[in-house]
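What follows is a single structure, written as structure tokens, with notes after it.
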Amino acid sequence: MKTLDIDVIRAAFPAFSNPAFDGVALFDNAGGSVPCRQVIDRLSRFYHERKVQPYADYGPSAAAGEEMDEARSRLAAILGVDTDEVSFGPSTTQNTFVLANAFRQFLEPGDAIIVTDQDHEANSGPWRRLAEDGIEIREWKIDPETGHLDPADLPPLLDGARLLCFPHCSNVVGEINDAAAITAMAHEAGVAVCVDGVSYAPHGLPDVGAMGADIYLFSAYKTYGPHQGIMVIRRALGEALPNQGHFFNGDTLYKRFTPAGPDHAQVAASAGMADYIDMLADHLGQGGASPRDRGRAVHDAMRARETALLKPLLDYLGNRNSVRLLGPTDAPARAPTVAVVTDTPGATLAAEMVPHGIGAAGGDFYAVRPLSAMGIDTDHGVLRMSFTHYTTEAEVDRLIGALDHVL
């Protein structure tokens, strides 16, 4: 298959031609990506031409509603699910909180939910709080040395459970969990599945329909889009759970778990994410394919590019005895979210890299549970270097050079 051209990619991101980014190689993308031009253009157009209450018959209002519907339908097609199975909310944290409240009403005391200690707190804390209502919380534990979630440890936890919540990949370990295989294992045991895709989706939107997860959550602002949380909830589970929205919206699946009113402009601008994927699909020669197949092609091309960029960084870190690298050393097994521990606090290292033109970050990244499980002092923290397909080879070389100075 044709590979992605970095010049085509970079041209789609206005930030990289803005003087504010001169001399800065961005390695903090796990915290939030820069938006693509297609999203910015749609957001600007909405505020200039359509910023009225949507879905009325007059021109600007009708256009606003049509663009909001377009965002939902086109993203759903790429994700391989029905249009009304996609919901928008203020953030993934908020979406998870609302879902947990629905399960609070749905489950009975003594029912069991499985969580992991590999998660970002946003997909762990809301579920764990259900223990206050008598729900049994079972923990699928990571390997304290590697951070790996071993599927062989899961079957005993599934016995009699109602819901399994786990990350597609961790925001500090970086290892990509086999979400489809884990989902199939859970479904065979009669357990519903919620996958936190926040740290995975920036590296290619997954085919959620093929994965089979009942719930899949990710953040548009980490996926080149506006500040929205995007949630897939499949019909059978979504209709079984109690409505969390206005009572008169209870028959509309995509409104059942969004009690807050939608941010019209940001929902509409999310169609720009689909525009960007379509642009890359055309570039890859996939313009005539279905939206789902275009999404798969772009996903695979993004992953191929990131894997090639990641290998020299992992090779370099693997040769540094003073560095503990979290997660796999094999590039195809992980996302390009790379956390390391040294004798120097993570935030200090990140600050020392700024004069070398590197924008990275240090801290615990709300991953207190996995870091603690791996014996890492969360006050000391880790240095996290994260990138996506829009990173250049020269920027990776600059990162390695900066690491040579600060380590």
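The values are calculated or read from the model by the stated rules, or taken from the named source; none is laboratory data. Because the structure is predicted, anything quoted here is derived from the model rather than measured. We place every Cβ from the backbone using ideal geometry, glycine too, and count neighbours over all the protein chains shown. Heavy atoms of the whole protein, side chains included, go into the accessibility calculation; ligands, DNA and RNA do not. Shrake-Rupley method; radii C 1.70, N 1.55, O 1.52, S 1.80 Å.
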Original post:
Which residue out of Val24, Val39 is of a type outside the set (Phe, Trp, Tyr) and over 16 Å from Ala268 (Cα atoms)?
Top reply: Val24
Subject >> Looking only at the range 242-263, and only at residues there that are modelled with pLDDT of 95 or more and buried (at least 21 other Cβ atoms within 10 Å of the Cβ), the one that is farthest from Thr388 (Cα to Cα) >> reply: Arg256
Original post:
Can you pull out the residues in the range 61-85 that are out of contact with any strand residue (DSSP E or B) (no Cβ under 9 Å at 6 or more places or on another chain), open to solvent by 20 Å² or more (accessible area, probe 1.4 Å) and either outside any loop (DSSP other than H, G, I, E, B) or at pLDDT below 95 (or both)?
Top reply: Ala62, Ala63, Glu66, Asp69, Glu70, Arg74, Ala77, Thr83, Asp84
Original post:
Do any helices (runs of 4 or more DSSP H) lying entirely in the range 215-290 carry at least 3 residues that are touching a helix residue (DSSP H, G or I) at 6+ places or on another chain (Cβ under 6 Å), and which ones are they?
Top reply: 264-269, 271-283
**OP:** For Gly375, indicate whether it is surrounded by fewer than 17 Cβ atoms within 10 Å (Cβ to Cβ), touching a residue at least 24 places away in the same chain (Cβ under 8 Å) and closer than 29 Å to Ala301 by Cα.
**Re:** no
**OP:** Determine the pairs where a residue that is charged (D, E, K, R), located within the range 129-145, has a partner that is surrounded by fewer than 17 Cβ atoms within 10 Å (Cβ to Cβ) and not in a helix (DSSP H, G or I) with Cβ atoms under 7 Å apart, the partner being 6 or more residues away or on another chain.
**Re:** Asp133/Pro109; Glu136/Gly110; Asp143/Asp150
Original post:
All but one of (1) touching a residue at least 60 places away in the same chain (Cβ under 8 Å); (2) acidic (Asp, Glu); (3) touching a Pro at 6+ places or on another chain (Cβ under 9 Å); (4) open to solvent by 20 Å² or more (accessible area, probe 1.4 Å) hold for Asp196; which doesn't?
Top reply: (4)
**OP:** Out of Thr307, Thr388, Thr337, report the one residue that is among the polar types (S, T, N, Q), free of Cβ contacts under 8 Å to residues at least 40 places away in the same chain, open to solvent by less than 50 Å² (accessible area, probe 1.4 Å) and under 28 Å from Pro35 (Cβ atoms).
**Re:** Thr307
**OP:** Scan the range 50-75 for residues that are without any contact (Cβ under 8 Å) to a residue 24 or more places away in the chain and either among the hydrophobic types (A, V, I, L, M, F, W, C) or in contact with a Cys (Cβ under 7 Å, 6 or more places away or on another chain) (or both) and report the count.
**Re:** 4
Original post:
Of all residues in the range 345-359, which are in a loop (DSSP other than H, G, I, E, B) and open to solvent by 20 Å² or more (accessible area, probe 1.4 Å)?
Top reply: Pro345
**OP:** Mind listing just one residue for me: the one in the range 84-113 that is free of Cβ contacts under 8 Å to residues at least 40 places away in the same chain and not charged (D, E, K, R) and, of those, nearest to Pro226 (Cα to Cα)?
**Re:** Phe97
Original post:
Which number in (1) in contact with a Leu (Cβ under 9 Å, 6 or more places away or on another chain); (2) buried (at least 23 other Cβ atoms within 10 Å of the Cβ) marks the one condition that Ala367 misses?
Top reply: (1)
Subject >> Residue count, the range 312-332 (criterion: surrounded by 15 or more Cβ atoms within 10 Å (Cβ to Cβ) and assigned to a helix (DSSP H, G or I)) >> reply: 6
Original post:
Residues in the range 162-182: is at least one within 18 Å of Val368 (Cα to Cα), open to solvent by less than 10 Å² (accessible area, probe 1.4 Å) and more than 17 Å from the chain's Cα centre (by Cα)?
Top reply: no
Original post:
Which ones in the range 132-174 are touching a Cys at 6+ places or on another chain (Cβ under 7 Å) and aromatic (Phe, Trp, Tyr)?
Top reply: none
